[in-house]
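Single-structure report; data block below.
The values are calculated or read from the model by the stated rules, or taken from the named source; none is laboratory data. It should be emphasised that the depicted structure is a prediction, and the values quoted were computed from it without experimental measurement. Because the Cβ atoms are built from the backbone with ideal geometry, glycine has one as well, and the counts that use them run over all protein chains shown. What goes into the accessible areas is simple: the full protein's heavy atoms, side chains included, and nothing from ligands, DNA or RNA. Shrake-Rupley method; radii C 1.70, N 1.55, O 1.52, S 1.80 Å.
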Amino acid sequence: MIGVYHPGSSVLHRMPALAKLALLAATVTATALVGSLPALGIVAAATLGLFALARIPVRVAWRQVSPILWVLAFAVPVQWIFAGWEAAATMGVRLVLAVALAAVYTMTTQVSATLDAMQVLLRPFARWIDPDRVGLALALAIRCVPLLADLVREVLEARKARGAEGSLTALAVPVIVRTLRTADHLGEALMARGVDD
Amino acid sequence: MSAIRFEGVSHRFDGELVVDDVSLELTERRIGIVGANGSGKSTLARMINGLVTPTSGTVTVDGLDVARHGREVRRRVGFVFTNADTQIVMPTVREDVAFTLRRHRLDAATATARVDAVLDRFGLAELADRPAHRLSGGQKQLLALAAVLVGEPAIVVADEPTTLLDARNARRIAEHFATLDEQLVVVSHQLELLESFDRVIVMEAGRIVADDAPEPALDAYRALIG
Ligand SMILES: Nc1ncnc2c1ncn2[C@@H]1O[C@H](COP(=O)(O)OP(=O)(O)OP(=O)(O)O)[C@@H](O)[C@H]1O
Ligand SMILES: [Mg+2]
């Protein structure tokens with residue numbers, strides 16, 4: 001769900017993030033309550049319609065939804081054995097729909113819009129928690145994923161180049177040291193960019 | 001131009017003296033700082049916006065004591081780091097530039113217009129919605145500079161902003177520096193970047209050993225490092 005925003009100007013892209021979040025929550029709840037396969041079929045068709053409306057290419061959509069199929073490959077047979085094919089199919093379709101709907105949301109919504117929406121939702125609790133801080137913490141958490149991924153990849157490469165492939169120390173020590181140093185730099189940059197204001 | 005003033009400034013890290021009794025008044029438009037590794041350049045540059053507080057002496061920007069008025073000073077002083085990766089906070093290019101404006105509390109239309117203008121100026125408009133972490137190194141440094149300038153600082157301090165870039169991207173950053181109206185303080189080992197500056201300061205072991213026009217100062221530095 002990181003960095004998957006798919007730029008566009010469709011109705012879905014322009015819809016306020018809060019409205020989209022509300023719709024997403026309502027639809028996912030509805031699919032959880034609806035039991036019949038035909039009804040879920042209608043929701044599935046509507047979901048496909050949403051992908052088309054947002055003009056998301058099939059390939060891009062597939063990349064978002066396909067990981068859940070690995071889970072289903074395991075969960076559906078188990079469910080089939082213990083609860084019958086209909087329960088298994090219902091569960092499978094529900095899960096795929098939930099992931100697909102969430103994907104429509106993340107692909108049509110910039111992270112900053114989600115953060116702004118979160119801050120609006122948190123406003124009633126502003127006496128106890130600072131919505132700005134929460135928003136920033138989330139943004140940083142999202143930012144740190146590619147940063148850490150790069151760092152680990154570089155350390156793995158360095159370890160390989162120095163012929164220490166099997167060594168856990170040669171992985172853990174540099175990763176920890178560099179993570180701390182990166183955190184230091186990020187802290188400085190945040191200060192320079194006025195986060196303490 | 002703004003005035004950056006160091007008065008009897010010293011700094012120690014764990015007892016080790018890394019900036020040794022520096023007094024300076026920086027009023028020129030473009031000022032370069034050179035010196036060997038570990039001579040104290042970064043420490044000196046960081047003092048201008050309060051990332052480092054001197055152990056003794058005072059640093060002031062337009063009369064504001066950096067140690068006491070850090071926030072106001074940081075609004076006037078933009079800082080460009082060597083590694084743009086650790087300066088980028090938000091997921092996409094546009095969002096990261098806009099992040100700087102959060103503290104300015106502008107209305108949405110003004111903020112968007114300012115972000116768009118800066119993205120345009122740095123040739124980042126087509127990349128606006130791309131994930132910032134997937135830009136090339138040169139594009140990342142342009143983004144870092146754009147994100148600093150959108151805040152309209154009076155002074156830009158840059159610590160080795162071109163060290164990680166290839167010659168072409170380094171030149172692009174240099175060209176942008178040449179067009180800036182802001183006062184500029186640049187730490188660099190790439191001496192040609194500083195040749196067109198107004199003043200160059202040479203540091204050695206925490207002290208200022210030369211402070212002159214670029215040509216004589218850079219000659220003195222070359223003689224020093226042999
Ligand atoms: N956070 C720190 N803690 C302890 N010592 C530090 C710290 N930062 C810098 N130093 C030390 O202070 C001295 C000056 O460092 P500084 O980074 O200012 O040098 P520099 O001139 O920028 O060097 P370079 O050209 O390598 O960037 C060095 O000996 C360095 O080891
Ligand atoms: Mg340095």
| field | Binned Cα-Cα distance frequencies in the stretch B:110-198 - 10 Å width, integer % | value | 15, 51, 30, 4
| remark: For chain B, longest principal axis from Cα atoms; helix B:167-179 axis from its Cα atoms; angle between them, nearest 10 degrees, is 90 degrees
| Where does chain A land on Rg/Rh, using Cα atoms and the Kirkwood Rh? | 1.06
| query | Hey, how many Å between the Cα centroid of the stretch A:144-167 and the Cα centroid of the stretch A:111-143? | reply | 32 Å
| request: Scan around B:VAL19 for amide H atoms under 5 Å from its own, H built in the peptide plane at 1.01 Å from N, and keep only partners 5 or more places away or cross-chain. | output: B:HIS11
| Accessible area per residue, 1.4 Å probe, Å², for the stretch A:11-109: what's the number? | 58 Å²
| Distance from the stretch A:34-92 to the stretch B:59-119 (C-alpha centre basis), Å | 44 Å
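Considering all alpha-carbon pairs of the protein assembly as shown, what whole percent are spaced by more than 30 angstrom?
Details: 47861 of 89253 pairs.
Of all Cα-Cα distances in the protein assembly as shown, 54 percent exceed 30 Å.
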| note | Per the charge dipole of chain B (beta-carbon charges, Lys/Arg positive, Asp/Glu negative, Cα centre), the residue among B:PHE79, B:VAL187, B:SER23 reaching farthest to the positive end is B:PHE79
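Do the sum for chain B: with -39,500 (n - 2.57) for every DSSP H run of n ≥ 4, divided by all residues, what is the mean residue ellipticity at 222 nm, to the nearest 500 deg cm²/dmol? Let's see the in-between values first.
On the way: 7 runs with 75 residues, N = 226.
Dividing the helical sum by the residues of chain B leaves -10000 deg cm²/dmol.
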| task | Can you pull the one-decimal nm distance between simple spin-label points at A:ARG133 and A:VAL11, each 7 Å off the Cα toward Cβ? | result | 4.1 nm
| note | The simple spin-label model distance between A:ASP184 and B:HIS189, using points 7 Å out along Cα→Cβ, in nm, is 1.8 nm
| Extreme residue, positive dipole direction of the stretch B:107-170, given options B:LEU149, B:LEU124, B:LEU164 (C-beta unit charges) | B:LEU164
| note | A correct Karplus calculation of ³J(HN,Hα) over the stretch A:69-84, with 6.51 cos²θ - 1.76 cosθ + 1.60, θ = phi - 60°, whole Hz and x for Gly and Pro, returns 5, 4, 5, 5, 4, 8, 6, 5, x, 4, 4, 4, 4, 8, 10, x
| request: Add +1 for every Lys or Arg and -1 for every Asp or Glu among the other residues with Cβ under 15 Å from the Cβ of A:LEU18, and state the total. | output: +2
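Please average, across the residues of B:78-87, the number of beta carbons from any other chain that are within 10 Å of each residue's own beta carbon, and give a whole number.
That average works out to 5.
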| With eigenvalues of the C-alpha gyration tensor scaled by 5 and rooted, the stretch B:28-154, Å | 28, 18, 12
| field | Accessible surface of the stretch B:4-225 [probe 1.4 Å, protein heavy atoms]: carbon and sulfur percent | value | 45 percent
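Applying 1/(1 + (r/R0)^6) with R0 = 35 Å to the Cβ-Cβ distance of B:SER136 and A:LEU121, what FRET efficiency is obtained, to the nearest 0.05?
Values: r = 37 Å, r/R0 = 1.05.
So the FRET efficiency works out to roughly 0.45.
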| message | Could you give me D for chain B, from Stokes-Einstein at 37 °C and 0.692 mPa s, where the hydrodynamic radius is the Kirkwood radius over C-alpha pairs? Units µm² s⁻¹, please. | response | 182 µm²/s
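Dipole size in debye (nearest 20) for chain A around its Cα centre, Lys and Arg Cβ +1, Asp and Glu Cβ -1?
Working: 17 positive and 12 negative charges, 64 e Å.
My answer is approximately 300 debye.
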| query | Residue by residue through the stretch A:111-127, which ³J(HN,Hα) values in whole Hz follow from phi under the Karplus form 6.51 cos²θ - 1.76 cosθ + 1.60 (θ = phi - 60°), with glycine and proline marked x? | reply | 4, 5, 5, 5, 5, 4, 4, 4, 5, 5, 5, 7, 3, x, 9, 4, 5
| request: Using only atoms on other chains, find how many Cβ atoms lie within 10 Å of each Cβ of peptide A:112-125 and report the average. | output: 1
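Extension gain A:ARG63-A:VAL152, at 0.36 nm per residue separation less the Cα-Cα distance, in nm?
Working: separation 89, 0.36 × 89 = 32.04 nm, distance 2.34 nm.
Contour length minus Cα-Cα distance gives 29.7 nm.
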| How large is the charge dipole for the protein assembly as shown, taken about the Cα centre, if only the Cβ atoms of Lys, Arg (+1) and Asp, Glu (-1) carry charge, to the nearest 20 debye? | 1780 debye
| field | Extension gain, B:ALA178 back to B:ASP20 (0.36 nm per residue minus Cα-Cα distance, nm) | value | 53.8 nm
| task | Using amide H atoms built 1.01 Å from N in the peptide plane, name the residues 5+ places from B:ALA158, or on other chains, whose amide H lies under 5 Å from its own. | result | B:VAL80, B:VAL185, B:VAL186, B:VAL187
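For the stretch A:123-192, would you read off the P(r) tail past 20 Å as a percentage of all alpha carbon pairs?
On the way: 1120 of 2415 pairs.
More than 20 Å apart: 46 percent of the Cα pairs in the stretch A:123-192.
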| remark: A convex hull over the alpha carbons of the stretch A:11-109 yields, per residue, a volume in Å³ of 87 Å³
| field | Spacing of the two label points (7 Å from each Cα toward its C-beta) at A:CYS144 and B:ALA154, in nm | value | 3.6 nm
